[in-house]
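The values are calculated or read from the model by the stated rules, or taken from the named source; none is laboratory data. Predicted model, so just to flag it, every value in this text is computed and none were measured. So basically every Cβ, Gly included, is an ideal-geometry build from the backbone, and we count neighbours across all protein chains shown.
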Amino acid sequence: MASVLLYLGGAIFVPGRAFRRLAKERRRFAKGFRVVFLVGILYTLSAAGLAVSGALIPAPVFLPLDAHNYYFFEIFFALPAFLLAWLAASAAGTLVSLVFRGRGGFKAAAAPWAFAFAGPSFLMWLPHAVFSGFLLLGMSQQEFMSYTADPGFLQTAFLIYQGLAALLLAAGSVRAAAAGRSLRPVGALLTGLFAAAVFGGIIGLVIR
């Protein structure tokens, strides 16, 4: 697990170097699975905290579930959702890369994408965990949401934080496409952005 965490940090701060090292690993797909599994577990735990505190989802979602019980159900589908999003995005990116003469197998491509997706997902989990923690400590959801919903420094900082996470997702996915599919810059850019859109789209539909 220590090496998985090192690769996760590398994917956030030095993705090119991290993905080149990952390409030399014999069990890189297993490491990719572990990091996505870890992120899914983190979201499961914070969803459990929100369910216990009786939190309501702050925005509409794709799944037709009651807003009062959504976080309870998220306990059960957060982990599968992250695994599905990773595999679906990796498969989609692999197919698109064929247009640009991408080389390498599915597992070789899925491994760097796992870390490219896990890094920004972890960053976006931190506010999720803070939200859960404050509600468990007794703060009302309305009070907590007022800090980020009302115009001001915290709202601006949170929007910038979200934007940086989205940028990291896109940039990391492009680097992962280049490393995992041996693509030239234009092919890596288009393939990586497509894979990031698939992953972000799936997660954005179901995770709150």
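Miscellaneous remarks
- The set of residues in the stretch 129-138 being modelled with pLDDT of 90 or more and either over 30 Å from Gly16 (Cβ atoms) or β-branched (Val, Ile, Thr) (or both) consists of Val130, Phe131, Ser132, Gly133, Phe134, Leu135, Leu136, Leu137.
- Residue list for the stretch 52-76, filter: touching a helix residue (DSSP H, G or I) at 6+ places or on another chain (Cβ under 8 Å) and of a type in the set (Asp, Glu): Glu74
- Any pair with Cβ under 6 angstrom, 6 or more apart, that starts in the stretch 72-84 at a residue that is over 18 Å from Val52 (Cα atoms) and ends at one that is modelled with pLDDT under 95: Ala81/Val206
- Elements of the type helices (runs of 4 or more DSSP H) sitting completely within the stretch 1-118 and holding at least 2 residues that are surrounded by 16 or more Cβ atoms within 10 Å (Cβ to Cβ) and of a type in the set (Phe, Trp, Tyr): these cover 28-52, 70-97.
- Ala170 assigned to a helix (DSSP H, G or I) and crowded, with 23+ Cβ neighbours inside 10 Å: no
- Residues of the stretch 118-147 satisfying the condition of being free of Cβ contacts under 8 Å to residues at least 24 places away in the same chain, farther than 30 Å from Gly93 by Cβ and under 21 Å from the mean Cα position of the chain (by Cα): Val130
- Given (1) at pLDDT 95 or above; (2) surrounded by 21 or more Cβ atoms within 10 Å (Cβ to Cβ), index of the condition Leu126 fails: (2)
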